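Just below is one structure, and these are the notes that go with it.
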Amino acid sequence: MTLHRIEAGCSIGSAQLGSPLDALETRILLMHALGLSRVQLITQSERRLTLDEAQRFAALLQRREAGEPIAYIVGQREFFGLPFRVTPDVLIPRPDTELLVELALQRAPHGARVLDMGTGSGAIAIAIAHSRPDLQLTALDCSAAALAVARQNAADNLPLPAKAVRFLRSDWYGALPADARFDLIVSNPPYIVAGDTHLSQGDLRFEPVSALTDHADGLSALRTIVAGAAAHLVQDGWLLLEHGFDQAAAVRELLIAQGYQQVQSWQDLAGIERVSGGVRPS
Ligand code: GLN
């Protein structure tokens, strides 16, 4: 069998050279197909692939060439230094979102109750809980399938998941007890405008559409979260929201209109205003 010039009997080194993908993606897929570490790929570069290995690697290359995200193919993506399981039921964690985690860690007082709305893979809540065992995390999502992935990630990454993060199936504030109060609320909600061309390009084609777009102007989930947050925040509690590259001014306006104080935006790694937030109106 010959596929992409990857065949049984070719060496690990030549399988890499024969790949149609770039060197990084090739290495990730080859490590996954062979169950080898990065160092093992190098030290075993002369070793010949078995038929089974060659077929496994070729099948992964084909999936990637058909556009499937690397993270879904290998079932994992690193976020905030932790490995997260990802399936097509959850958005793939983005490096930009680490900004939201850092801002939350800076603002959460010792022992604070933190709410993550629309947790997906659980990346944000679990990264926060992992860095700060003193905090009490609640993570909600309307998708039962996403919550199953998030619970698994908590079990994999946290020493005492049952105590570290409480998961709740909820459509935004819907299932939260009316008297639930938090010191900090964070969210990376769906914020892509309906019909945005990015939704039909690259990795986004394979991600859950309800995690990406509100099927409207991109601000409807952000509006819902801002409108309901004050009722669930303590005095001086922060609300921190990730949003699209061109939404910072609009989100600041939403916060100011609701009476939030210290309203501001923060730039991501690419220098784009990516998170906005403020302190609960008194
Ligand atoms: N940051 C993601 C993207 O544009 C979108 C995630 C979201 O809608 N929350 O690829």
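Within the set Val263, Val251, the sole residue that is buried (at least 23 other Cβ atoms within 10 Å of the Cβ) and free of Cβ contacts under 8 Å to residues at least 60 places away in the same chain turns out to be Val251. Taking into account only those residues within the stretch 164-177 that are touching a residue at least 40 places away in the same chain (Cβ under 8 Å) and open to solvent by 30 Å² or more (accessible area, probe 1.4 Å), which is nearest to Arg274 (Cα to Cα)? The selected residue is Trp172.
The one condition from (1) out of contact with any Leu (no Cβ under 6 Å at 6 or more places or on another chain); (2) more than 16 Å from the ligand (Cβ to nearest atom); (3) in contact (Cβ under 8 Å) with a residue 40 or more places away in the chain; (4) of a type outside the set (Gly, Ala, Ser) that Asn157 does not meet is (1). For the residues Ser121, Ser187, the requirement of being closer than 24 Å to Ala250 by Cα, under 14 Å from the mean Cα position of the chain (by Cα) and open to solvent by less than 20 Å² (accessible area, probe 1.4 Å) singles out Ser187.
Please state which one of Arg113, Arg77, Arg107, Arg94 is within 16 Å of the ligand (Cβ to nearest atom) and touching a Phe, Trp or Tyr at 6+ places or on another chain (Cβ under 7 Å).
Arg77
Against the list (1) open to solvent by less than 50 Å² (accessible area, probe 1.4 Å); (2) within 14 Å of the ligand (Cβ to nearest atom); (3) at pLDDT 95 or above; (4) touching a strand residue (DSSP E or B) at 6+ places or on another chain (Cβ under 7 Å), the condition Leu233 fails is (2). If you filter the stretch 195-216 down to residues that are free of Cβ contacts under 8 Å to residues at least 24 places away in the same chain and more than 11 Å from the ligand (Cβ to nearest atom), you find that the one that is surrounded by the fewest Cβ atoms within 10 Å (Cβ to Cβ) is Thr197.
Is one or more of the residues making up the stretch 264-282 assigned to a strand (DSSP E or B), hydrophobic (A, V, I, L, M, F, W, C), within 16 Å of the ligand (Cβ to nearest atom) and out of contact with any His (no Cβ under 8 Å at 6 or more places or on another chain)? Break it down stepwise before answering.
Initially, the stretch 264-282 is screened for residues assigned to a strand (DSSP E or B), giving 264-267, 273-279.
Now restrict to residues that are hydrophobic (A, V, I, L, M, F, W, C): 266, 275, 279.
Within this subset, residues satisfying the condition of being within 16 Å of the ligand (Cβ to nearest atom) are 266, 275.
From what's left, out of contact with any His (no Cβ under 8 Å at 6 or more places or on another chain): 266.
There is at least one residue in the stretch 264-282 that is assigned to a strand (DSSP E or B), hydrophobic (A, V, I, L, M, F, W, C), within 16 Å of the ligand (Cβ to nearest atom) and out of contact with any His (no Cβ under 8 Å at 6 or more places or on another chain).
Tallying residues that are within 13 Å of the ligand (Cβ to nearest atom) and touching a Ser or Thr at 6+ places or on another chain (Cβ under 7 Å) within the stretch 236-263 yields 4. Screening Ala150, Ala194, Ala139, Ala178 for residues that are part of a helix (DSSP H, G or I) and not basic (Lys, Arg) leaves exactly one candidate, Ala150.
Take the conditions aromatic (Phe, Trp, Tyr) and within 12 Å of the ligand (Cβ to nearest atom) and apply them to Phe182. Does it pass?
On the way: aromatic (Phe, Trp, Tyr): yes; within 12 Å of the ligand (Cβ to nearest atom): no.
It is false that Phe182 is aromatic (Phe, Trp, Tyr) and within 12 Å of the ligand (Cβ to nearest atom).
Name the one entry in Arg47, Arg5, Arg107 that is open to solvent by 40 Å² or more (accessible area, probe 1.4 Å), over 26 Å from Gln152 (Cα atoms), modelled with pLDDT under 95 and not aliphatic (A, V, I, L, M). The unique qualifying residue is Arg5. The residues of the stretch 27-41 that are touching a helix residue (DSSP H, G or I) at 6+ places or on another chain (Cβ under 9 Å) and either without any contact (Cβ under 8 Å) to a residue 24 or more places away in the chain or not in a helix (DSSP H, G or I) (or both), listed by number, are Arg27, Met31, Leu34, Leu36, Ser37, Arg38, Gln40.
The values are calculated or read from the model by the stated rules, or taken from the named source; none is laboratory data. These numbers come from a predicted model, not from an experiment. Neighbour counts run over all protein chains shown; Cβ positions are idealised from the backbone, glycine included. When the accessible area is computed, the model is the full protein with side chains, heavy atoms only, and any ligands, DNA or RNA have been set aside. Shrake-Rupley method; radii C 1.70, N 1.55, O 1.52, S 1.80 Å.
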